[in-house]
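Visitor: First the structure, which I've put down as structure tokens, then a few questions once you've had a look.
The values are calculated or read from the model by the stated rules, or taken from the named source; none is laboratory data. Treat the numbers as computed from the prediction; the structure is a model and nothing was measured. In this analysis, Cβ positions are derived from the backbone assuming ideal geometry, glycine residues included, and neighbour counts consider all displayed protein chains.
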Amino acid sequence: MALYSEKVMDHFRNPRNVGKLDHPDGVGEVGNAKCGDIMRIYLQVDPDTQVITDVKFNTFGCGSAIATSSMATEMIKGKTLSQALELSNKAVVEALDGLPAHKIHCSVLAEEAVRAAVRDYCDRRGIAYGDELRCAGHCDTCGHC
């Protein structure tokens, strides 16, 4: 059995939405000190509908980090901010037809980067938000998990 699914390999070899938006409405950056992966997600949002009209990413990391970033951006493009917040690392893994257990942390980073970008969007506009933006539900350090 191959270590990585065909979908993982496809998103690694042909990542979608790579790059940087010149004037993003929100930017989320997260990293993992253990493995060195760093993800940055840029959002363009329609202010009237709160629909993500464009999304880009830059990831410094392994193939799984690149693939999960690519898949996460595909999954939130065209969605509202509220729908984007529903993105879970498990959904990203399922969409990629799985990841090796030691690479699941990459999908967690993708989820966290999306949340951080939405949080930044809200902060820039003075939009109040609740606990759903403070914690992705798996960190054991925030007091909400």
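Visitor: Hey, among the residues in the range 31-68 that are out of contact with any Lys or Arg (no Cβ under 9 Å at 6 or more places or on another chain) and polar (S, T, N, Q), which one's farthest from Val93 (Cα to Cα)?
Guide: Taking the candidates together, the pick is Thr49.
Visitor: Would a scan of the range 15-30 turn up a residue that is of a type in the set (S, T, N, Q) and surrounded by fewer than 16 Cβ atoms within 10 Å (Cβ to Cβ)?
Guide: Going residue by residue through the range 15-30, those that are of a type in the set (S, T, N, Q) are 17.
Okay, now just the ones that are also surrounded by fewer than 16 Cβ atoms within 10 Å (Cβ to Cβ), so none.
Scanning the range 15-30 turns up no residue that is of a type in the set (S, T, N, Q) and surrounded by fewer than 16 Cβ atoms within 10 Å (Cβ to Cβ).
Visitor: Next question, about the same structure. Hey, could you check the range 46-62 for residues that are closer than 23 Å to Asp97 by Cα and crowded, with 16+ Cβ neighbours inside 10 Å and say which is modelled with the lowest pLDDT? So that I can check it myself, show each step before the final result.
Guide: Just the residues of the range 46-62 that are closer than 23 Å to Asp97 by Cα, to begin with: 55-62.
Right, trim to crowded, with 16+ Cβ neighbours inside 10 Å and you get 55-57, 59, 61.
Values: Val55: 98, Lys56: 98, Phe57: 98, Thr59: 97, Gly61: 93.
By that ranking, first place goes to Gly61.
Visitor: Right, here's the next one. If the requirement is being more than 24 Å from Asp123 (Cβ to Cβ), surrounded by fewer than 20 Cβ atoms within 10 Å (Cβ to Cβ) and at pLDDT 95 or above, which of these qualifies: Ala95, Ala101, Ala67?
Guide: Working: Ala101 fails: at pLDDT 95 or above; Ala67 fails: surrounded by fewer than 20 Cβ atoms within 10 Å (Cβ to Cβ).
From the options Ala95, Ala101, Ala67, the qualifying one is Ala95.
Visitor: Those residues that are touching a strand residue (DSSP E or B) at 6+ places or on another chain (Cβ under 8 Å) and not aromatic (Phe, Trp, Tyr), I need them from the range 103-121; list them, please. Reasoning before the result, please.
Guide: Narrowing the range 103-121 to residues touching a strand residue (DSSP E or B) at 6+ places or on another chain (Cβ under 8 Å): 109-110, 112-121.
Residues satisfying the conditions are Leu109, Ala110, Glu112, Ala113, Val114, Arg115, Ala116, Ala117, Val118, Arg119, Asp120.
Visitor: Is it the case, given these coordinates, that Leu43 is closer than 18 Å to Glu112 by Cβ, of a type in the set (A, V, I, L, M, F, W, C) and either surrounded by fewer than 18 Cβ atoms within 10 Å (Cβ to Cβ) or modelled with pLDDT under 95 (or both)?
Guide: Working: closer than 18 Å to Glu112 by Cβ: yes; of a type in the set (A, V, I, L, M, F, W, C): yes; either surrounded by fewer than 18 Cβ atoms within 10 Å (Cβ to Cβ) or modelled with pLDDT under 95 (or both): no.
Spelling it out, it is not the case that Leu43 is closer than 18 Å to Glu112 by Cβ, of a type in the set (A, V, I, L, M, F, W, C) and either surrounded by fewer than 18 Cβ atoms within 10 Å (Cβ to Cβ) or modelled with pLDDT under 95 (or both).
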